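Q: Just dropping this structure here.
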Amino acid sequence: MIMQKTQMTGLVLVSVLAFLLLSCYGNMQIKANSKVEIIKLLQARLDSLTNNQIVPGATLSVRFSNGTNISIASGLADVEEKISMKPDDIMFSGSVGKTYVAAVVLKLYERGLIDLKAKAISYLQDTAWFQKFRNTSDITVEMLLNHTAGIPEYVYQKELWEVIKENPDKGWSVEERLSYIINEPPTNRPGEGWAYADSHYLILGLIIEKVTSRSYYEVLDELILRPCNLNHTFHSDRRSITGLIPGYTNLTEEFLLPHKVVNDNKYAFNPQLEWTGGGLVSTVSDLTLWVCQLYGGDVLKPESKKLMLTPAPYKTSLFEDARYGLGSFIAETEGIPYYGHTGFAPGYITYVQYLPDYDIAFALQVNDDSSHDDFSLKKYFNTIKKVVLNQNI
């Protein structure tokens, strides 16, 4: 009887092991099949964007926790020349550049070179023009990072774009840029409200250069781009940028720009204007590589990352009621949290997000900045996330 029980137990164990092995093999097959299926589904999603002429072209990267990256493209990089978009095509990433600036500031904070609670003016004592802004004595580094400093936005000043039209090659100092808003009233008292402005990040650029005695781009290369192997992310500090594909803008009246913003391999104006408000061009695969390391890796120490992902205590005007930390959106889509940023440069739009619950990153870039009454690119981006999450990879 005991022998029979032992034999039966052995048979049961063998059966269970066989079932588990088959199940594991089956799951592997499902995952492999899912990758093929997911590429097909994502391509169909991306093609719907270009086939319906919402944008000329688009690139997409999805990066998984095991390092697997899917990069695809759809549509045209150059409409007039009928050049197809490629997955590794380079576009402006716009304000996504603020994530890099914030990371640099936090790494300098880790080294004791910057105090987030310190007044910005303490680093800029020899910058007389900055002291002419209202409330500068109360603005801290942290307020610049989370857009609660109250300095107005300079980008939308008509006079600025009139000068750019007359001299598109012009290189801009921070003082020249912000001179257009120096007499504008603050958007809020320092630390008492939220208003997004590239102006805040230009001041941070000055602080970075002051405490390091080096150019921002030199510091960025040393602390971020090289260590993170972001080999397809480049400085946008000149009109001719190798590999930059054409973009198309609808800001022909507001910014006095041509519809096609890259002609004869030159951007419509010197993008050095953007500097630490953005300041980079990139591929989608580099963007997902970056946010996986920033939010899911060890670019920052845990304390610094916690600071980055602690939102300012004010409502924003951002999509999905996103809150804003230090250079990062903090939000959720249908209960699924994400960190990231959006980016705009005339002719280009970028979305990049990292989903901490899944350790997955998404990046979408399109070479058109047009808005449509019956279409939301932000909502469309959410459908891409659903395609992936529904596959249970």
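Q: Would you please put 95-106, 212-223 in order of how densely packed they are, using the mean number of other Cβ atoms within 10 angstrom per residue and starting with the highest?
A: 95-106, 212-223
Q: Also, I was wondering about something else. Straight-line reach from Lys107: which aspartates and glutamates have Cα under 17 Å away, leaving out those fewer than 8 places along the same chain?
A: Asp115, Glu142, Glu209, Glu218, Asp221, Glu222, Asp298, Glu303
Q: Report the dimensions of the range 46-93 along its three principal axes from the alpha-carbon atoms, largest first, rounded to Å.
A: Here the Cα extents, ordered largest to smallest, are 39, 21, 17 Å.
Q: Residue by residue through the range 335-340, what is 3J(HN,Hα) from phi via Karplus (6.51 cos²θ - 1.76 cosθ + 1.60, θ = phi - 60°)? Round to whole Hz and write x for glycine and proline.
A: x, 9, x, 8, 10, x
Q: Shape verdict for the range 103-255, please, from the Cα gyration tensor: rounded (a/c under 1.5), prolate (a/b greater than b/c) or oblate.
A: It is oblate, given that a/c is not under 1.5 and a/b is not larger than b/c.
Q: Further question: Could you let me know the centre-to-centre spacing of the range 190-238 and the range 265-288, using Cα atoms, in angstrom?
A: 13
Q: Now, a different point. Which shape class, rounded, prolate or oblate, goes with the range 207-304 when its Cα gyration tensor gives a ≥ b ≥ c as root eigenvalues, a/c under 1.5 marks rounded, and past that a/b bigger than b/c marks prolate?
A: prolate
Q: Which links in Lys86/Lys260; Lys82/Lys260; Lys210/Lys315 stretch past 21 Å when you go from one Cα to the other? All intermediate terms of the calculation are to be shown ahead of the outcome.
A: Values: Lys86/Lys260 19 Å; Lys82/Lys260 14 Å; Lys210/Lys315 32 Å.
Beyond 21 Å: Lys210/Lys315.
Q: Let me ask something else. List the DSSP H helices in the chain whose Cα atoms stretch 15 Å or more along the helix axis and whose mean Kyte-Doolittle hydropathy is at least 0.5.
A: 2-51, 97-110, 198-212, 284-296
Q: Could you work out the equivalent-ellipsoid semi-axes for the chain, taking the square root of 5 times each eigenvalue of the Cα gyration tensor, largest first, in whole Å?
A: 43, 27, 18
Q: Of the peptides 41-51, 134-144, how do they stack up when ordered by the mean number of other Cβ atoms within 10 Å, highest first?
A: Working: 41-51: 16.9, 134-144: 19.8.
So the order, starting with the most tightly packed, is 134-144, 41-51.
Q: Where the centroid of each part is defined by its Cα atoms, how far is the range 151-184 from the range 72-112 in Å?
A: Answer, in whole Å: 23.
Q: If you don't mind, there's one more thing I want to ask. Please label the shape of the range 31-187 as rounded, prolate or oblate, based on the square roots a ≥ b ≥ c of the eigenvalues of the alpha-carbon gyration tensor (a/c under 1.5 means rounded; beyond that, a/b larger than b/c means prolate, else oblate). Before the final figure, lay out each step's value.
A: Details: a/c = 3.24, a/b = 1.69, b/c = 1.92.
It is oblate, given that a/c is not under 1.5 and a/b is not larger than b/c.
Q: Now, a different point. With each run of n ≥ 4 DSSP H residues scored as -39500 (n - 2.57), what mean residue ellipticity at 222 nm is computed for the chain after dividing by its residue count and rounding to the nearest 500 deg cm²/dmol?
A: Helix-only estimate at 222 nm: -11000 deg cm²/dmol.
Q: Output the antiparallel fraction of DSSP beta bridges having both residues in the chain, as a percent to the nearest 5. Before the final figure, lay out each step's value.
A: Working: 45 of 47 bridges.
Counting DSSP beta bridges with both partners in the chain, the antiparallel share is about 95 percent.
Q: Whenever you get a sec, line up Leu251, Leu60 from highest to lowest accessible area (probe 1.4 Å, protein heavy atoms).
A: Leu251, Leu60
Q: Out of residues 5 or more away from Phe329 or on other chains, whose amide H comes under 5 Å of its own, with H placed 1.01 Å from N in the peptide plane?
A: Gly340, His341
Q: Same structure, new question: Any idea how far apart Gln131 and Asp321 come out in nm if each label point goes 7 Å out from Cα toward Cβ?
A: Output for this residue pair reads 4.4 nm.
Q: Shifting gears a bit: Hey, with R₀ at 25 Å, roughly what FRET efficiency would Arg238 and Phe375 work out to, going by the Cβ-Cβ distance, to 0.05? Walk me through the numbers on the way to the answer.
A: Details: r = 34 Å, r/R0 = 1.34.
Computed FRET efficiency for Arg238 and Phe375: 0.15.
Q: Please give the contour-minus-distance gain from Val163 to Asp115: 0.36 nm per residue of separation, less the Cα-Cα distance, rounded to one decimal in nm.
A: 13.6 nm
Q: May I pose another question? Short version: ³J(HN,Hα) in whole Hz for each residue of the range 300-311, in order, from phi by Karplus 6.51 cos²θ - 1.76 cosθ + 1.60 (θ = phi - 60°), x for Gly and Pro, what are they?
A: Once θ is set to phi - 60°, the couplings for the range 300-311 become 10, 5, x, 5, 5, 5, 4, 5, 4, 9, 9, x Hz.
Q: For Glu218, put the label point 7 Å out on the Cα→Cβ axis and report which residues of the range 110-129 keep their amide N under 18 Å from it.
A: Under cut-off, by backbone N: 113-114.
The values are calculated or read from the model by the stated rules, or taken from the named source; none is laboratory data. Every value quoted in this text rests on a predicted model; they were computed, and no experiment measured them. Cβ coordinates were reconstructed from backbone atoms using ideal geometry, including for glycine residues, and neighbour counts include every protein chain displayed. Protein only, heavy atoms only, side chains kept; ligands, DNA and RNA dropped before computing areas. Shrake-Rupley method; radii C 1.70, N 1.55, O 1.52, S 1.80 Å.
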